[in-house]
Structures are given as C-alpha cells and as structure tokens.
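The values are calculated or read from the model by the stated rules, or taken from the named source; none is laboratory data. Small disclaimer: the values here were computed from a predicted structure and weren't measured. Don't worry about glycine lacking a Cβ; one is built from the backbone with ideal geometry, like all the others, and counts go over all protein chains shown.
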Amino acid sequence: INTSCSSGLVAAHQACQSLRAGDCDTAIAAAVNLMLTPHAWWGMSQAGMLSEDGRCRAFDRRANGLVPGEAVVAVVLKRLSRAQADGDPIHALIVGSGINYDGRTNGITAPNGAAQAELIGEVQARAKIDPGQIGYVVTHGTGTRLGDPVEINALDEVFGAKAPAPGYCALTSVKGAVGHAFAAAGLVNLVCAVQALTQRTIPPSLHCEERSDYIDWSRSAFEVNRERREWVSATPRVAAVSAFGMSGTNAHMLLREYEAPAVAEEGGPAYWLLAVSAKSGEALRERLADLATALRGRAWGAADVRSLGYTLLCGRQAFSHRCVVVAQDADDAIRLLECAAAG
C-alpha cells in the first residue's frame with residue numbers, strides 16, 4: 001500500500017478491516033523507510049521541505065521543516081478473542097480506525113484541515129469514544145509552520161466543546177526524536193502510542209521550546225508534553241494516532257490499554273500432569289531434576305499448574321526418552337520427579 005506518509009497506518013487500518021470481515025485470522029502490517037540514495041534528499045531540499053538546522057521542531061514557532069528518518073516496523077494483529085484463545089501477549093486494543101482523502105489543496109505541503117477534522121470525528125463516533133476519554137494524541141507533527149497548526153486546529157475542531165478543560169490532553173510528535181520515516185511514520189506513531197499505554201508513561205516531544213503562535217493554546221484542548229511524565233488515569237487509558245499523506249490519504253486510529261481479565265483461583269488442580277522428554281536417558285534425568293528444582297522455587301496456583309502442564313506437553317519437542325509424572329500436588333510432583341531422576 002502506497003499512500004505516501006500515511007502508508008503504514010493505512011496498512012494497519014486495512015488489516016483491521018480484513019480481520020473484522022473474517023478474511024484472515026492473523027495480519028501483519030509492516031512498513032520500511034530507508035534513505036539509500038541522495039535523490040530523495042535533493043528533491044525535498046529543492047521543495048523547501050527540510051529543516052535548515054537539522055532539528056524537527058514540531059509545534060514550535062521556530063519550526064522550519066522536517067528531518068528525514070529511517071525505520072523498519074512490523075505489528076501483528078488479531079481479533080481480541082483469537083489472541084486471548086491463543087495465549088498471545090496483548091499490548092493494546094485498536095478500538096477504531098479510518099481513512100479519508102484531502103481532495104484539492106494548495107500543494108503537497110498544504111494539508112486539508114477540514115478533511116482531517118472530518119476523519120477524526122468519524123473514527124470517534126464509530127468507536128463510541130468521547131473526546132474526554134482520550135488522554136494522549138501521537139500527532140503526524142512534521143515540524144512545519146503551516147502543517148502543525150492545521151493539525152492542531154483540526155483536532156480542536158473535533159474536541160472543542162467536549163474538552164473537559166483547556167490543555168487536558170497531551171500531544172507529542174515522534175519526529176523530533178527519530179525523524180520523519182515517511183511510509184513507516186504511521187506505524188512508528190502506533191508503536192509510540194502502544195508503548196505509552198503499556199508503560200503508562202507519556203514521552204516528551206523534543207525541540208518544542210517556544211510554542212507556535214499560530215495556535216491559540218489558551219483555548220486549545222491540547223498541551224505539548226515536553227517532559228516525560230506518568231500517565232495517570234482513573235479509567236482505561238485511550239490514545240489517538242494520526243498519519244497524513246502529502247495532501248493525500250489521511251489515517252487516524254484509536255487505541256485503548258488492554259486489561260487482562262481476572263482469573264479466578266478455585267483451589268488447586270485435581271492433579272498435576274508433567275511430561276518431559278530428552279535425547280538420552282542421562283539428559284532426561286537432568287531435565288527431571290531441573291524441573292523438580294524449579295517447582296520448589298515458587299508457589300503454584302491452579303492457572304499456573306495448567307499452563308505448566310500444557311507447555312510441557314504441547315509446547316516442547318518430543319524426544320525418544322520420555323517420562324510422565326501424575327501428581328496430587330507440588331510436594332508430590334517434586335517427590336516423583338526426584339525419584340524418576342534417581343532411576
């Protein structure tokens with residue numbers, strides 16, 4: 001998929017659509033940007049797009065252009081029910097996404113704020129997410145005097161009257177730290193948002209020291225987060241991610257932190273089933289002794305015992321020398337494993 005700077009996030013959106021439609025049960029969205037020849041640099045320089053001092057100053061009044069960056073990003077996507085059933089690590093939930101097109105503008109460096117606002121509002125409405133629930137926005141934020149205010153004003157048009165208070169929502173641009181990764185930029189933003197959710201921490205937006213005078217910050221729902229800070233929230237955290245093409249295809253996505261369902265512990269399991277194998281008798285005895293030592297080192301709940309038994313039986317290669325222990329509890333399992341290890 002090639003939609004210029006929004007390519008990666010558009011790919012992730014299309015992957016979500018395929019998963020929801022049942023076209024696939026697992027999707028990988030990936031994007032790459034490598035600067036292997038000087039031609040791209042030359043073209044961007046001729047168009048006046050590059051920062052003269054090599055700093056991307058997103059949302060700063062001294063913003064003077066972008067800084068190219070390289071990136072290779074890949075994310076694995078599944079429906080939540082499938083990921084839970086497969087026992088996958090779940091980092092965040094994509095609760096809504098969408099794309100639209102800028103239409104006619106004044107040039108490749110002149111984004112369409114009305115189109116951006118329309119898309120953001122549509123994604124929120126489909127996801128049934130109120131602006132007040134969103135605590136962090138990873139913006140496209142390329143560091144241009146024109147593009148950054150257009151993006152913030154479009155966000156404010158949507159958040160506007162529904163904002164709990166001025167400056168309540170943090171926003172950052174990744175590009176001050178890693179540069180503009182073009183086709184991969186949207187997925188870089190996505191990874192940034194996921195990390196913020198899992199770490200419950202909002203990173204700083206670098207090189208913003210004098211806030212842009214093209215934005216009325218006193219009335220804006222947003223504040224540029226300029227120092228790393230803890231993300232405190234009484235409700236599940238929600239983040240928004242944007243990626244915009246060069247006056248082309250826009251993409252927007254909403255993410256919510258994943259809260260694993262509590263597993264009720266209903267006493268110990270009825271029995272322990274531990275399967276071990278190895279390539280030789282001597283190696284098998286060593287594995288049995290190692291397992292006995294591991295069991296002695298911690299307390300085991302019912303869910304832990306089921307996971308241990310399942311992993312040993314289904315998640316390990318089966319060799320010709322084998323031993324299976326059926327025990328009543330941890331002490332019984334340790335005794336039987338040590339007896340088996342001793343022959």
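Looking at segment 20-34 only, could you name the residues that are surrounded by 10 or more Cβ atoms within 10 Å (Cβ to Cβ) and not in a loop (DSSP other than H, G, I, E, B)?
Residues satisfying the conditions are ALA27, ILE28, ALA29, ALA30, ALA31, VAL32, ASN33.
Yes/no matrix, rows are residues, columns are (1) in contact with a Leu (Cβ under 6 Å, 6 or more places away or on another chain); (2) surrounded by fewer than 15 Cβ atoms within 10 Å (Cβ to Cβ):
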| site | (1), (2) |
| --- | --- |
| GLU286 | no, yes |
| ARG296 | no, yes |
| VAL305 | no, no |
| THR311 | no, yes |
| CYS314 | no, yes |
| ALA318 | no, yes |
| ASP329 | no, yes |
| ASP332 | no, yes |
| LEU337 | yes, no |
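Within segment 210-230, track down each residue that is surrounded by fewer than 15 Cβ atoms within 10 Å (Cβ to Cβ), over 13 Å from TYR136 (Cα atoms) and either among the small types (Gly, Ala, Ser) or touching a strand residue (DSSP E or B) at 6+ places or on another chain (Cβ under 6 Å) (or both).
Within segment 210-230, GLU210, SER218 meet the criteria.
For ALA196, work out the one condition from (1) over 23 Å from ARG145 (Cβ atoms); (2) assigned by TED's automatic domain parsing to the domain that holds ILE129; (3) assigned to a loop (DSSP other than H, G, I, E, B) it doesn't fulfil.
Here ALA196 meets the rest and fails (3).
Here's a check for you: in segment 235-255, which residue that is of a type in the set (Ser, Thr, Tyr) and not in a loop (DSSP other than H, G, I, E, B) is surrounded by the most Cβ atoms within 10 Å (Cβ to Cβ)? Steps first, answer last, please.
As a first pass, look at segment 235-255 and keep what is of a type in the set (Ser, Thr, Tyr): 235, 242, 247, 249.
Checking which are not in a loop (DSSP other than H, G, I, E, B) leaves us with 242, 249.
Details: SER242: 26, THR249: 24.
This residue is SER242.
Could you check segment 313-343 and list, in sequence order, the residues that are within 31 Å of the chain's Cα centre (by Cα) and closer than 14 Å to ARG287 by Cβ? Write out each step before concluding.
First, the residues of segment 313-343 that are within 31 Å of the chain's Cα centre (by Cα): 314-316.
Of everything in segment 313-343, just one residue is within 31 Å of the chain's Cα centre (by Cα) and closer than 14 Å to ARG287 by Cβ, namely ARG316.
Condition check: in a loop (DSSP other than H, G, I, E, B) and either within 13 Å of the chain's Cα centre (by Cα) or β-branched (Val, Ile, Thr) (or both). Does VAL188 satisfy that?
Values: in a loop (DSSP other than H, G, I, E, B): no; either within 13 Å of the chain's Cα centre (by Cα) or β-branched (Val, Ile, Thr) (or both): yes.
So VAL188 fails the test.
Could you check, for segment 256-269, whether at least one of its residues is surrounded by 15 or more Cβ atoms within 10 Å (Cβ to Cβ) and over 28 Å from VAL10 (Cα atoms)?
There is at least one residue in segment 256-269 that is surrounded by 15 or more Cβ atoms within 10 Å (Cβ to Cβ) and over 28 Å from VAL10 (Cα atoms).
Inside segment 35-77, can you point out the residues that are in a loop (DSSP other than H, G, I, E, B) and either aliphatic (A, V, I, L, M) or not assigned by TED's automatic domain parsing to the domain that holds ALA184 (or both)?
Kept after step one, since they are in a loop (DSSP other than H, G, I, E, B), are these residues of segment 35-77: 35-38, 47-49, 51-59, 61-65, 67, 69-70.
Those that are in a loop (DSSP other than H, G, I, E, B) and either aliphatic (A, V, I, L, M) or not assigned by TED's automatic domain parsing to the domain that holds ALA184 (or both): MET35, LEU36, ALA47, MET49, ALA58, ALA63, VAL67.
Could you list all residues from segment 210-262 that are among the polar types (S, T, N, Q) and more than 20 Å from the chain's Cα centre (by Cα)? Before the answer, list the steps.
Going residue by residue through segment 210-262, those that are among the polar types (S, T, N, Q) are 212, 218, 220, 225, 233, 235, 242, 247, 249-250.
Selection gives SER212, SER218, SER220, SER247, THR249.
Of all residues in segment 285-331, how many are of a type outside the set (Lys, Arg), in a helix (DSSP H, G or I) and more than 28 Å from ALA262 (Cα to Cα)?
Taking segment 285-331 as the starting set, the residues that turn out to be of a type outside the set (Lys, Arg) are 286, 288-295, 297, 299-305, 307-315, 317-321, 323-331.
Keeping just the survivors that are in a helix (DSSP H, G or I) gives 286, 288-295, 302-305, 307-314, 330-331.
Within this subset, residues satisfying the condition of being more than 28 Å from ALA262 (Cα to Cα) are 286, 288-290, 292-293.
Adding up the residues that qualify gives 6.
Taking segment 24-63 as the search range and keeping residues that are touching a Leu at 6+ places or on another chain (Cβ under 9 Å) and of a type in the set (S, T, N, Q), which one is nearest to GLU151 (Cα to Cα)?
SER51
Which residues, counting only those in segment 103-132, are assigned to a loop (DSSP other than H, G, I, E, B) and surrounded by fewer than 20 Cβ atoms within 10 Å (Cβ to Cβ)? Outline the logic, then answer.
Taking segment 103-132 as the starting set, the residues that turn out to be assigned to a loop (DSSP other than H, G, I, E, B) are 103-112, 128-130.
GLY103, ARG104, THR105, ASN106, GLY107, ILE108, THR109, ALA110, LYS128, ILE129, ASP130, listed by residue number.
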